[in-house]
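> One structure, as structure tokens, below. Some questions next.
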Amino acid sequence: MNGHTPDAAARALFAELTGADPAGVWSAPGRANLIGEHTDYNDGFVLPFAIAQRTHVALGTRGDQRIRVVSTVDPVPVEVGIADLEILFPDGRDAVPEWATYPLGVAWALLRAAGLDPAALPGVDLTIASDVPIGAGLSSSAAIESAVALALNDTWTLGLDRVELAGVGRIAENEAVGAPTGIMDQMASMLGRADAAIFLDCRSLQTEVVDLGFAGAGLSLVVIDTGVTHAHSTGGYGERRAACERGARIMGVPALRDLATSDLDRAESMMDDVTFRRVRHIVTENQRVLDTVRTLRESGPRSIGDLLLASHASMRDDFEISVPELDTAVEAAMSAGAIGARMTGGGFGGAAIALVDNDRVEAVQEAAIAAFEASGFRSPTVFTVQASAGAAREH
């Protein structure tokens with residue numbers, strides 16, 4: 001972005017594309033998930049929070065019924081007719097670059113959700129810039145989806161609320177992009193609050209704001225980005241989801257959300273080892289989310305370290321979505337005095353998070369870099385994140 005903020009970069013790209021100023025700029029944050037991994041598509045519980053890093057979308061209307069998108073990631077514009085989105089998705093997505101399936105997929109999902117006639121809508125130009133790291137498990141995809149959804153909802157005066165827009169983002173990611181993710185990321189991006197997490201029931205979509213209390217306790221949340229990128233639309237993520245659905249069928253429940261830890265002995269006797277371990281992760285992770293919310297409220301953030309560590313062990317051993325770099329990041333953080341640490345995001349790469357005393361942040365950073373070097377890994381990127389506000393119109 002040539003040193004520009006995402007806001008300035010999106011505006012500059014819009015001026016370059018159209019020779020004019022945008023009608024408005026909207027933004028939405030990435031998210032970090034404190035705890036609750038892969039529970040969302042199992043109708044379970046999650047505890048994410050929006051982060052300060054954001055995606056900005058500059059938008060202007062056109063005199064035709066076409067939509068054109070361009071990004072700082074790929075400055076070659078992609079343009080389609082709004083009416084042609086039905087042809088593009090879901091089966092024709094290969095006709096456009098993968099990055100473009102996110103904003104175009106949102107437009108397609110909005111048309112479906114609102115039952116719109118493409119001929120009645122003005123065309124739009126959209127330019128996108130972001131400082132949410134890509135592939136780090138901080139949901140750069142939901143940041144794009146949420147910013148675009150809010151921008152188009154305002155511009156086309158659709159009147160959808162934030163929960164509905166989060167659902168639109170999920171449809172775009174699931175059906176247009178082809179990534180079988182849940183709704184957690186979009187809900188966090190849409191509903192984020194400063195200094196708080198969003199406790200989300202992924203079945204009812206009911207939310208509660210949970211104060212994190214990090215600042216008052218003198219704590220920072222450190223992200224250790226391994227640099228190992230992942231792609232949720234391929235391979236392992238879909239296999240894990242299929243295993244969860246298989247486990248629910250075997251147990252005769254609508255979703256793994258409907259099982260308690262007391263059901264695990266029976267589950268183990270009814271299914272193969274791999275399916276059982278996938279099920280065990282989801283069931284115990286749901287309980288860890290509930291325990292974390294209760295612990296934050298009753299005892300404060302210094303008491304959740306063991307829950308974070310147990311979550312990582314479950315993802316490493318039962319769900320098998322960690323990688324050596326993530327394990328190294330967690331071990332290095334703990335060796336440097338972190339209260340707790342775990343991988344975050346969908347797995348197979350991405351980032352780990354560590355809850356750290358403010359005066360130990362530098363020590364954790366140095367320990368992670370040293371541990372990666374000793375293991376022959378590429379040096380990680382280490383930074384702190386703060387719980388921040390959700391999607392908004394900026395200008």
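> When 1/r is averaged over all different Cα pairs and the result inverted, which Kirkwood radius in Å belongs to the stretch 264-395?
Kirkwood radius, the stretch 264-395: 16.3 Å.
> Non-local amide H neighbours of Asp195 (under 5 Å, H modeled in plane, Pro and chain starts lacking H): which ones?
Ala387, Ser388
> Round to the nearest 0.05 the FRET efficiency obtained for Ala23 and Ser262 when R0 = 56 Å and r is the Cβ-Cβ distance.
Computed FRET efficiency for Ala23 and Ser262: 0.50.
> Note the angle between two axes, namely the Cα long axis of helix 236-251 and the longest principal axis of the Cα atoms of the chain, as a number of degrees from 0 to 90, rounded to the nearest 10.
60 degrees
> In addition: Within the stretch 9-49, list the residues whose amide N lies under 19 Å from a label point set 7 Å along Cα→Cβ of Arg294.
35-37, 44-48
> Let me see the P(r) profile for the stretch 197-330: every Cα-Cα distance counted, bins of 10 Å, each bin given as a percent of all pairs.
10, 34, 37, 17, 1
> In the stretch 1-57, how does Rg compare with the Kirkwood Rh, expressed as the Rg/Rh ratio over alpha carbon atoms?
That ratio equals 1.21.
> Right, next: Counting C-alpha atoms alone, how compact is the chain: give Rg to one decimal and Dmax as a whole number, in angstrom.
20.8, 66
> What are the ³J(HN,Hα) couplings of the stretch 126-136, residue after residue, when phi is run through the Karplus curve with 6.51, -1.76, 1.60 and θ = phi - 60°? Round to Hz, x for glycine and proline.
Per residue, the Karplus-derived 3J(HN,Hα) values read 10, 10, 10, 9, 8, 10, 7, x, 7, x, 9 Hz.
> Whenever you get a sec, compute what percent of the accessible area on the stretch 325-395 sits on carbon and sulfur atoms (1.4 Å probe).
47 percent
> For helix 98-114, what angle does its Cα long axis make with the longest principal axis of the chain, in degrees from 0 to 90 and rounded to 10?
The angle comes out near 80 degrees.
> First measure r as the distance between the Cβ atoms of Asn358 and Thr284, then evaluate 1/(1 + (r/R0)^6) with R0 = 30 Å and state the FRET efficiency to the nearest 0.05.
Efficiency, from the Cβ-Cβ distance: 0.45.
> Still on this structure, please answer the following. Helix 273-298 sits at what angle to the longest principal axis of the chain, using alpha carbons and giving 0 to 90 degrees rounded to 10?
The angle comes out at about 90 degrees.
> How many Å³ per residue does the convex hull of the Cα positions in the stretch 110-183 occupy?
Per-residue hull volume (Cα only) is 99 Å³.
> Just to check, using Stokes-Einstein with a Kirkwood Rh over alpha carbon pairs, what's the diffusion coefficient of the stretch 168-256 at 25 °C and 0.890 mPa s in µm²/s?
155 µm²/s
> While we're on this one: How many angstrom lie between the C-alpha centres of the stretch 360-395 and the stretch 37-80?
Centre-to-centre distance over Cα atoms comes out at 23 Å.
> Provide the per-residue ³J(HN,Hα) series for the stretch 389-394, in order, calculated from phi with Karplus coefficients 6.51, -1.76, 1.60 and θ = phi - 60°, each as a whole number of Hz, with x at glycine and proline positions.
6, x, 4, 7, 7, 8
The values are calculated or read from the model by the stated rules, or taken from the named source; none is laboratory data. What you see is a predicted model; the values in this text were computed from it and never measured. Here the Cβ is made from the backbone with ideal geometry for all residues, glycine too, and neighbour counts use every protein chain on show. In case anyone asks, the SASA skips ligands and DNA or RNA and just uses the protein heavy atoms, side chains included. Shrake-Rupley method; radii C 1.70, N 1.55, O 1.52, S 1.80 Å.
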